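All of the numbers you see were taken from the coordinates with simple rules; none came from a lab. Worth saying up front: this structure is predicted, and the values here are computed from it rather than measured. Backbone-built Cβ (ideal geometry, glycine too); neighbour counts: all protein chains shown.
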Amino acid sequence: DAGVTQSPTHLIKTRGQQVTLRCSPKSGHDTVSWYQQALGQGPQFIFQYYEEEERQRGNFPDRFSGHQFPNYSSELNVNALLLGDSALYLCASSLQAGGAFFGQGTRLTVV
Amino acid sequence: KQEVTQIPAALSVPEGENLVLNCSFTDSAIYNLQWFRQDPGKGLTSLLLIQSSQREQTSGRLNASLDKSSGRSTLYIAASQPGDSATYLCAVEGEYGNKLVFGAGTILRVKS
């Protein structure tokens, strides 16, 4: 079992650009959540996908959008990047009551 | 709105010491609580999951307890080792399938 995998691991973008981050959930997991973690802080919830629908959303602007595919993998898209979007982006997958499993994260730097 | 607080923010101990990390949450109506470990610049590794109906969970040298009514959880690490050095995060899930709300973490350093 490969666990949760995220790509890419590191990314550098310029202000105003758009970025897409990808996540493959743990085998059999049908729910994918995305979190943003700024340096020195705990992860903050962005949104969650289940059955290809956004089920919940945190306090993030519409510049943050996502998608879940039939194989449960997911993408996080961020438009019009700001310097403040620089962070570690974490993907978590879960199934029923088994708790959340996280990937290694994507470090996004906006310059 | 659920808020999670972790105390202390940082801890430095000599190797071999037993230690306790604390987590408190404001809304006791939780579905479960999870403890995670995070190494610098890396993702989160799940350590222990406690369902709301449980009082504690154990894995090796780690023991986590949950007191829902008082909104508290503790992570006990026995016989600490330098390899335990990391940031430890506590997170609560408010309802089944809901988001995780995290504390800011406790940075642990175990000196050899």
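Segment A:Leu95..A:Arg57, full-extension length gain: 11.8 nm, with 0.36 nm per residue of separation and the alpha-carbon distance subtracted. Rounded to the nearest 0.05, the FRET efficiency derived from the C-beta distance between B:Ala10 and A:Asn79 at R0 = 41 Å is 0.65. Computed over chain B, relative contact order equals 37 percent, with contacts defined as Cα pairs under 8 Å that lie 6+ residues apart. Given a Förster distance of 41 angstrom, what is the FRET efficiency for B:Asn63 paired with B:Glu95, based on the Cβ-Cβ distance and rounded to 0.05? For R0 = 41 Å, the calculated efficiency reads 0.95.
Taking Cβ atoms as reference points and 12 Å as the exclusive limit, the residues near A:Leu81 contribute a net charge of +2, counting Lys and Arg as +1 and Asp and Glu as -1.
On a C-alpha basis, how far is the centre of the stretch A:32-98 from the centre of the stretch B:23-85 in Å? Whole number, if you could? Using only Cα atoms to place each centre, the spacing works out to 23 Å.
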